[in-house]
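Okay, so here's the structure we're looking at.
Please treat every number below as a calculation from the coordinates, not as lab data. No experiment lies behind these values; they were computed from the predicted model shown. FYI the Cβ positions are ideal-geometry reconstructions off the backbone, even for glycines, and counts take in every protein chain you see.
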């Protein structure tokens, strides 16, 4: 199958006006400005197959949103090639724009004082969607998103979560094949995040749409994206399965133990690294978390069960948040 | 073309719905518009109380200029300024991205984003002022003159629109555009006077740099049947040029936005 998105040597550099603090420097800068080049994206390469769900991970300012905007044609690359379904995004041809959509979690396109249905109608006209197809899409989206009569209330009266559902609906009026989602769940409560995630997955499965997602909530990426691309300081540092990334960064599993009577930490310590979350060692404890190399889990569990009064035991992967902060901390070192 | 007409229809509909959404505001707007007509005429009435003519313009003739000024003000307030406010907000909030991602001309989309339907009142006010002016002059306008005046007015609207696009383009560079639009409005206010009342140097500026003459004086002269054909052609050429320049500058500004923004 032909990849739908192909990115080669993509870079985006900005000229940033720079001046030292102070009045004198401010005055000097009127006549003589010094510029510094900042590489927001620096030589990124990847391809994405049709129907894939890919998560962009990276700390703030890593270049995730810039990359999305380059893919959507909102920014012109400084170097390299981008191709999205055979189009060069920067040309922003109508045929290209009709295939994609971009949702920005922190910005909205809904007409503020009017019901979302008016925005849908406007987008129908702009995207030139035939009436019958529009009605059908609306029926499906209303059902998938459980919109009900939300669409007939002025957008400004909707909650953040309801508005995001309508934003998604507005962005999907033309049934795009490529979805760019930048922080679609930002600021939403946990259940609304799950609703949005569930919807995005169902849309992807039903229409075979390709999607790229950035999110600060690891849960989004974990649930939605079998493949992740990690970007740090404008460079691609990892591209592959999420599971593999986790084992590579943290080959440890976490064993959470509950005891039937308090146990001294010293008795647990020989089995692995006790997780303290920065707290000083306390006295005997009812529960202890232990990080153990994944290959040693079987042996350690057997040992723990035979030596200690274990009442309950679970084996987990370390939280993705921790894995990520470790990855980015390494990048800084 | 038909698609854009339909788009225009949808945008108009949204603006109308918006105007109706706030009924009290809707009524108040209409009320305020009727009152605006009064300050449009007072300065003129004050001047003409003490003398019969300003330059070559009698009171009745000067009313033609005021009439077109009122009409243009309706266009400005009803069609142009509301959309201007929308674009500036888009730029400030970063939501212009959504406009640029639409498969339709961005300039068209922002230009038609918002209308203030109540400003239609200005059109009726303008007609009333013309009637009063011709009453003062003791005659009726000739149909041919009305036709020419309409053409001259179209040129005026194009010029006004182009100036507006240039102002909006400036917003890509300075972001804080509210001062700029106030300046725009202040200069526009000068258009209530026949251009020949201004000193020569100012007149040159107002004809060629900020074409107020084209905007109100020419259509007024046309309505009176005294517009030189060369002036009409000049106005049309000027309008075409202004439109082309505005288009080029707009395109360059968008390119700058997409290549620099972030």
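See the values below:
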{"item": "Least to most buried among A:267, A:149 (fewest other Cβ within 10 Å first)", "result": "A:149, A:267"}
{"item": "Cα-based equivalent ellipsoid of the protein assembly as shown: semi-axis lengths in Å, sorted from largest, via gyration tensor", "result": "63, 26, 22"}
{"item": "Nearest-ten-degree value, helix B:143-174 long axis tilted from longest Cα axis of chain B", "result": "40"}
{"item": "Value of [θ]222 nm, deg cm²/dmol, for the protein assembly as shown, DSSP H segments ≥ 4, -39500 (n - 2.57) each, nearest 500", "result": "-17000 deg cm²/dmol"}
{"item": "A:225, A:166 arranged by Cβ crowding within 10 Å, fewest neighbours leading", "result": "A:225, A:166"}
{"item": "Computed FRET value (nearest 0.05) for residue B:247 with residue A:160, which takes r as the C-beta separation and R₀ as 45 Å", "result": "0.70"}
{"item": "Theoretical FRET efficiency, 1/(1+(r/R0)^6), r = Cβ-Cβ of residue B:13 and residue A:19, R0 51 Å, to 0.05", "result": "0.55"}
{"item": "Cβ-derived FRET efficiency at R0 25 Å, residue A:190 paired with residue A:315, nearest 0.05", "result": "0.55"}
{"item": "Peptide B:87-98 - average C-beta neighbours from other chains (10 Å radius)", "result": "3"}
{"item": "Residue with peak Gaussian network fluctuation, chain A [Cα springs, cutoff 10 Å], from A:17, A:174, A:293", "result": "A:17"}
{"item": "Model label zone, residue B:4; criterion: amide N under 16 Å from point 7 Å along Cα-to-beta-carbon; scope segment B:106-135", "result": "B:106-113"}
{"item": "Against the rule of thumb 2.2 N^0.38 Å, how large the Cα Rg of segment B:1-124 comes out", "result": "1.36"}
{"item": "Measure of compaction for chain B (Cα Rg per 2.2 N^0.38 Å)", "result": "1.05"}
{"item": "Extended-chain gain in nm, criterion 0.36 nm per residue less alpha-carbon gap, residue A:2 and residue A:95", "result": "31.6 nm"}
{"item": "Per-residue Cβ neighbour rank within 10 angstrom, fewest leading, A:248, A:153", "result": "A:248, A:153"}
{"item": "Spacing of the two label points (7 Å from each Cα toward its C-beta) at residue A:325 and residue A:202, in nm", "result": "3.5"}
{"item": "Volume per residue of the C-alpha convex hull in segment A:135-215, rounded to whole Å³", "result": "89"}
{"item": "Alpha carbon convex hull of chain A, projected area averaged over orientations, nm²", "result": "24.0"}
{"item": "Label point distance in nm, residue B:49-residue A:298, each placed 7 Å from Cα along Cα→Cβ", "result": "10.5"}
{"item": "Kirkwood-based Rg to Rh ratio, segment A:251-316, C-alpha trace", "result": "0.92"}
{"item": "Distance between segment A:41-93 and segment B:76-154 - C-alpha centres, whole angstrom", "result": "40"}
{"item": "Segment residue B:124-residue B:137, length gained on full extension (0.36 nm per residue, minus Cα span)", "result": "2.7 nm"}
{"item": "Principal-axis tilt of helix B:59-75 within chain B, Cα atoms, nearest 10 degrees", "result": "10"}
{"item": "Helix axis angle, B:81-93 relative to chain B longest principal axis, alpha carbon, degrees", "result": "30"}
